Structure formats: structure tokens, C-alpha cells
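Report on the following structure.
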Amino acid sequence: MLIKTAEFVKSSGKWQECPDATIPEYAFIGRSNVGKSSLINAMMNHKDLAKTSQTPGKTQLINHFLINEEWYLTDLPGYGYARVSKSTRKDFEKLITNYILNRKNLVNLFVLVDVRHTPQKIDLEFMQWCGESGIPFSIVFTKADKLKPGGAQRNVDTYETELLKTWEEAPQMYITSAEKKQGGDEILKYIEQTNQY
Ligand code: GTP
Ligand code: MG
């Protein structure tokens, strides 16, 4: 998909404050610092559309971007950030889960995980919750440039084996690097095929 326009629309602290749910929407979610905002920028060919940081917990609101005046791309706060208070973490979780359960135009959730890590409990539990809640999702592996060629694929295969212990079928998976602008095209291809209402 050719990106003609990518504009920031608004930041929302509640799902009720999000823009009208009139066009298809795709959201990026995952642990703090996994690379959600960076991948959005890489896919949109934009240096700082979404704010990124080396410090986890940068994105604290639901950020909507309007792409090609046709669909929304949404950058969500990270989950599982240990260095905030319990109540702040609970607030984030509530914001995220309410958004996911109530956002009627949400077509797919992209769950980002760092390709260097073995499957983490918090991600597996989140995916389990998506499955139980009937929320469609795909897995996006990030930071592939940090591994040698072949290393990323090996880790993805391990991840898939782990998932297939509890899931009948593995979700769609993408291997990406924001740094090397890799893998975003496949995600955009999927969005192109599904964003027609
Ligand atoms: P929160 O908003 O805090 O939840 O984080 P985030 O998931 O949006 O992560 P962000 O995009 O801010 O990136 C976090 C850090 O990882 C930054 O220092 C990025 O430069 C780095 N990073 C992100 N993607 C990549 C990648 O593909 N390769 C490498 N090498 N570094 C990356
Ligand atoms: Mg972010």
C-alpha cells in the first residue's frame, strides 16, 4: 500500500474520547519499549509521527493516526511496565482493555513482541485474553536487526511451537525491524486487503 498521507488526529485518555468509529481501525499493542511507536513511524515513512523513547512508558494515551484518509492506525500505551505504581498500571490496563472491548471499528490488533525473547507470560496471557474475548490479533516480532539472519526465524519457530501447545492454530506472524524498515510492507498488505467496509 502506498502511504499518501499520515496525520496525527488526537490522543485520548478514555475510549469514549476516541474519534468517531466510522472507518476501519488497526491498533498496535505490546509491552512497554517493544517498539510500537517506532514501527508505526517506519511503516508510515515518517521520523516522528508517533513519539518514541528509550525509556519505557513513553506512550500513555491512545493515539489515533489517520492514514490515506481511509483508516486509523492506533498507537496504544505499553502493558506490563514494572516501574510505575500498581494503581497507574491498573489504570493503563483498564484504558487498554476498555478500548479493545468497546472499539467497534477495530479490525485487528497487532501484538508486538521482541523477537530476541522467549515467550513471556504477560504476552501469552494477553493473547489468551484476546482469544477468550473474541478479539482478532496477529503477532508482530520486533527488532529483528538485533539478531543474526536466521536467528529471528528460529525464535519465531520456537514461539509458534509454544503457542501450539494451547492454541489449535497459530495466528498470523510478521517479522519486522523498524531500524531496517523491514516487514512493515506485509502488515500494510494485510491492512489493504481488509480495510474496505
Ligand atoms: P512505549 O510507548 O514506552 O510503550 O514504547 P514503544 O513500544 O512505543 O517503543 P518505542 O518505539 O518508543 O521504542 C523503544 C526503544 O526501542 C527505542 O529506543 C527505539 O529506538 C528502540 N527500537 C524500536 N524498534 C527498533 C528496531 O526495530 N530495532 C532496534 N535496534 N531498535 C528499535
Ligand atoms: Mg510508544
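Taken together, the values in this text are just the output of simple stated rules run on the coordinates, not laboratory data. The structure displayed is predicted, hence computed values, not measured ones. Here the Cβ positions follow ideal geometry from the backbone for every residue, glycine too, while neighbour counts run over all protein chains shown.
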**Prompt:** Fully extended, how many nm does the chain gain between residue 4 and residue 186 (0.36 nm per residue separation, minus their Cα-Cα distance)?
**Reply:** 63.8 nm
**Percent of beta bridges antiparallel (DSSP, segment 1-135, rounded to nearest 5)** = 50 percent
**Item:** Residue-span extension gain [residue 85 to residue 169] - 0.36 nm each, minus C-alpha spacing
**Value:** 26.6 nm
**Prompt:** Scanning the chain for helices, which whole DSSP H stretches are 15 Å or more long along the axis (Cα) and average -0.5 or more by Kyte-Doolittle?
**Reply:** 121-133
**Message:** Applying a 10 Å radius around every beta-carbon, put 150-157, 30-37 in order of their mean neighbour count, most first.
**Reply:** 30-37, 150-157
**Message:** List the residues, sorted by chain then number, that are 5 or more residues from residue 137 or on another chain and whose placed amide H is less than 5 Å from its amide H.
**Reply:** 109
**Request:** Answer rounded, prolate or oblate for the chain, using the Cα gyration tensor with square roots of eigenvalues a ≥ b ≥ c: rounded when a/c is under 1.5, else prolate when a/b is larger than b/c, else oblate.
**Result:** rounded
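Have a look at the DSSP beta bridges in segment 67-197 and tell me what percent are antiparallel, nearest 5. Mind dumping the intermediate values first?
Numbers: 2 of 11 bridges.
Counting only bridges with both partners in segment 67-197, antiparallel ones make up about 20 percent.
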**Request:** Would you mind getting me the FRET efficiency between residue 116 and residue 61? Use the beta-carbon distance for r and R0 = 25 Å, nearest 0.05.
**Result:** 0.35
**Asked** Applying 1/(1 + (r/R0)^6) with R0 = 22 Å to the Cβ-Cβ distance of residue 153 and residue 128, what FRET efficiency is obtained, to the nearest 0.05?
**Response** 0.35
**Message:** Ignoring everything except DSSP H segments at least 4 long, calculate the 222 nm mean residue ellipticity for the chain; use -39,500 (n - 2.57) per segment, divide by total residues, nearest 500.
**Reply:** -10000 deg cm²/dmol
**Complete:** Quick calc of log₁₀ I(q)/I(0), segment 1-86, Debye, one scatterer on every Cα, no solvent, q values 0.14 1/Å, result -0.47
**Item:** Inter-part distance where segment 8-28 and segment 72-111 are each reduced to a Cα centre, Å
**Value:** 12 Å
